[in-house]
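Accompanying notes for the structure given below.
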Amino acid sequence: MEKIPTRLLTSLIAGLMTVNVSVMADTSRPKLVVGIVVDQLRTDYLEYLKSMFGKTGFRRLMDNGVYFSDVDFKAETSDPASSTALIYTGNYPPASGIASANIFSPSDHLVRPALEDKSVIGISTRESLSPASLLLSTISDEVAIDGDGFTSVYAISADAQQAIIMAGHAGSGAFWINDTDGKWSSTAYYKEYPEFLTRRNRLQSLADRMDTMQWRPTRKIEEYPGIPAQKRYYPFRYTFPRADKESLSRFKGSALSNIEVTDVALDAIRSLSLGKRGDAIDMLSIGYTATPYKYVKDGDSRVELEDTYLRLDGQIGRLLENIDKEIGLGNTLIFLTSTGYYDDGVQVDPKFRLPSGDVSLKRIESLLNSYLSAKYGNGDYVAGISGNQVYLDGRKMESAGANSSTLLNDARDFLLKMSGISRVRTLTDILSDNTPAGIRRANSIDTKTAGDLFIEFTPGWNVVDDLHFPVKKTPVRQGMINSPLIIMGENITPRKIDTPVDATAIAPTITSTLHIRSPNGSGTRPLTIR
């Protein structure tokens, strides 16, 4: 047998190795997916402040990604939990099971977190939470399933339930700031609680640092656009003293919380070696806030809101620069979106004489019980009230021998006579209404946890929840905003699209781009982004 020359043999081996590498390496799939959900992010503010942003944050995403300026969530009521579930599952509360952050429990007549799960214990928290109540798979789940044990999937947010929803059922870990002592916490449902968080809680505890923090304007007050003269005389200044029982809530609602979230996200990227597992796709989801600050003294949070956007631009810039350094933006798929609603309800100074008043939930419960007792026999017919939903006691209604439809209609008609209430609907009313507004209302509820009556309070009035402690007063205000979606990655052609798109398309669009299956409840076609 003729001997092959050594030089030729070496060339053949090198060629085979090159072929093997080219077959194994899949450049069409990123090494890291980063999902960013910003609570109440508005398209108009991104456009309005774009000239003030740096080049590495929002502008980098807007200029180098597919920028959808109008994402329609098609739901009447939202919060971070329900909106994040919609984004990550691609479906509405009737299917996902997450209609709001808190739900009423008929068994003990208490309002509980939607993700409460007493079968698991918390880590660095007394909260018992898990994704068990989330009924559909998520983007994160599908990434984890695709990796089959070789993928890491994490989520970080100041809000517990948002973090868990983003991590999904198959995630590696979800981390949040707890409301008791400010520690970074998790749930034993997940298999991982990294050492860097234990170290951060011990050496850099948020509760120990908040005393020294101040939130002031990052720029001269006259540089903020569109601000009335009276707001320019006294620049805002907020502190977070440990003695204040609301200090953590104030901090988590401020622009400074985004800095804390970014710090932990960067620690996670470095410590957990995200995006460095060969062909496996890792995922990191991050929850930020761009909410109007609820603790302003005069009810006008415009300066604080602009400052929040400018500061958040800097944090996103930090995040992108570190991702580029550690993994490479060319190896990363990034999507950024909003929770799709806007809550700027604050009490207006009485001197402006706007029509207003207080609606007491305790009074609603008492008067409705009295009315139904007089008509159908003595008893407590109202099991509880949560938000705008009234829950009636089915057993009491049955024992009274009342026709449920008749009783519900009587209760609805009675409530309509009360000041501060503009409309009341039964669950049947909502589900049988096929108008666009009716569909939005139906998209907002989960019939398995929904109340029997749905109250629409009069805008301008204040809903006083005096059934629970501490008493909470919530101003009623209606308004629609445009919400953005930006997707940036390799081979995605940058452009802006102003045509409205459905929020349920976000999940299948991301999974389609990754060439993996969509979440199991997703029924919307992916958007065209290449």
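Separation of the stretch 435-451 from the stretch 128-168 is 25 Å, based on Cα centroids.
Using semi-axes √(5λ) of the Cα gyration tensor in Å as the read-out, say which of (i) 37, 34, 19; (ii) 35, 28, 26; (iii) 44, 28, 22 was calculated from these coordinates. Matching the structure shown: (iii). What is the angle, in °, between the Cα long axis of helix 6-24 and the longest principal axis of the Cα atoms in the chain? Nearest 10 is fine, range 0 to 90. The two axes meet at around 10 degrees.
Leaving out ligands, DNA and RNA, and with a 1.4 Å probe, what % of the accessible surface on the stretch 416-530 is carbon or sulfur? Reported share for carbon and sulfur atoms: 52 percent.
Each label point was placed 7 Å from the Cα along the Cα-to-Cβ direction; for LYS448 and LYS191 their separation is 2.6 nm. For the set LYS362/LYS472; LYS448/LYS472; LYS231/LYS294; LYS245/LYS473; LYS297/LYS351; LYS252/LYS473, the pairs lying more than 22 angstrom apart at their alpha carbons are LYS448/LYS472. Protein heavy-atom accessible surface, 1.4 Å probe, per residue over the chain: 46 Å². Its relative contact order, with pairs defined as Cα atoms under 8 Å and 6+ residues apart, puts the chain at 28 percent. As a length-normalised measure over Cα pairs under 8 Å and 6 or more apart, the relative contact order of the stretch 37-191 settles at 18 percent.
Each peptide among 144-157, 468-481 gets the average number of other Cβ atoms lying within 10 Å of its residues, and from highest to lowest they stand as 144-157, 468-481.
Per-residue SASA remark: VAL120, around 20 Å² accessible (1.4 Å probe; ligands, DNA and RNA not included). Loop-only check: which trypsin sites (Lys or Arg not before Pro) in the stretch 296-368 are DSSP coil with at most 16 other Cβ within 10 angstrom? Those satisfying the criteria are LYS297, ARG353. The residue list THR198, ALA99, GLY57 was ranked by how far each Cα lies along the charge dipole of the chain toward its positive end, using unit charges on Cβ atoms, and GLY57 comes out on top. Packing, taken as the mean count of other beta carbons within 10 Å per residue, orders the peptides 443-453, 405-415, 85-95 from highest to lowest as 85-95, 443-453, 405-415. Under a straight-distance cross-link criterion of Cα-Cα below 30 Å, which lysines are reachable from LYS496, leaving out those fewer than 8 residues away in the same chain? Hits, sequence-local ones excluded: LYS31, LYS50, LYS55, LYS74, LYS325. A Förster distance of 41 Å, applied to the separation of the beta-carbon atoms of ILE221 and ARG477, puts the FRET efficiency at 0.95. Between the listed residues VAL463, THR511, ASN491, the Cα displaced farthest toward the positive end of the dipole of the stretch 447-530, a dipole computed from Cβ unit charges relative to the Cα centre, is found at ASN491. Scaled against 2.2 N^0.38 Å for its residue count N, the alpha carbon radius of gyration of the stretch 139-231 is 1.51. Could you state the number of Å between the C-alpha centres of the stretch 297-317 and the stretch 178-217? Spelled out, the Cα-based centre of one part sits 23 Å from the other. With all protein chains in place and ligands, DNA and RNA left out, the 1.4 Å accessible area ranks GLU47, GLU76, GLU365 as GLU76, GLU47, GLU365, largest first. Compute the whole-percent fraction of alpha carbon pairs in the stretch 52-168 spaced more than 23 Å apart. Above the 23 Å cut-off, the stretch 52-168 has 43 percent of its Cα pairs. The HN-Hα couplings worked out from phi for the stretch 324-333 by the Karplus form 6.51 cos²θ - 1.76 cosθ + 1.60 (θ = phi - 60°) are 4, 6, 7, 10, x, 5, x, 9, 10, 9 Hz, whole numbers, x standing for Gly and Pro.
For the chain, a simple Cβ point-charge model (Lys and Arg +1, Asp and Glu -1, everything else neutral) yields a dipole of about 860 debye relative to the Cα centre. On the beta carbon distance between LYS297 and ARG277, with R0 = 45 Å, the FRET formula returns roughly 0.35. The angle between the Cα long axis of helix 80-89 and the longest principal axis of the Cα atoms of the chain comes to about 50 degrees, rounded to the nearest 10. Shape descriptor for the stretch 128-173: Rg over Rh equals 0.95 (Cα atoms; Rh from the Kirkwood inverse mean 1/r).
The values are calculated or read from the model by the stated rules, or taken from the named source; none is laboratory data. These figures come from a predicted structure and were not determined experimentally. Cβ atoms come from the backbone with ideal geometry, glycine included; neighbour counts cover every protein chain shown. For the accessible areas, the whole protein counts, side chains as well, though only heavy atoms, and no ligand, DNA or RNA atoms are used. Shrake-Rupley method; radii C 1.70, N 1.55, O 1.52, S 1.80 Å.
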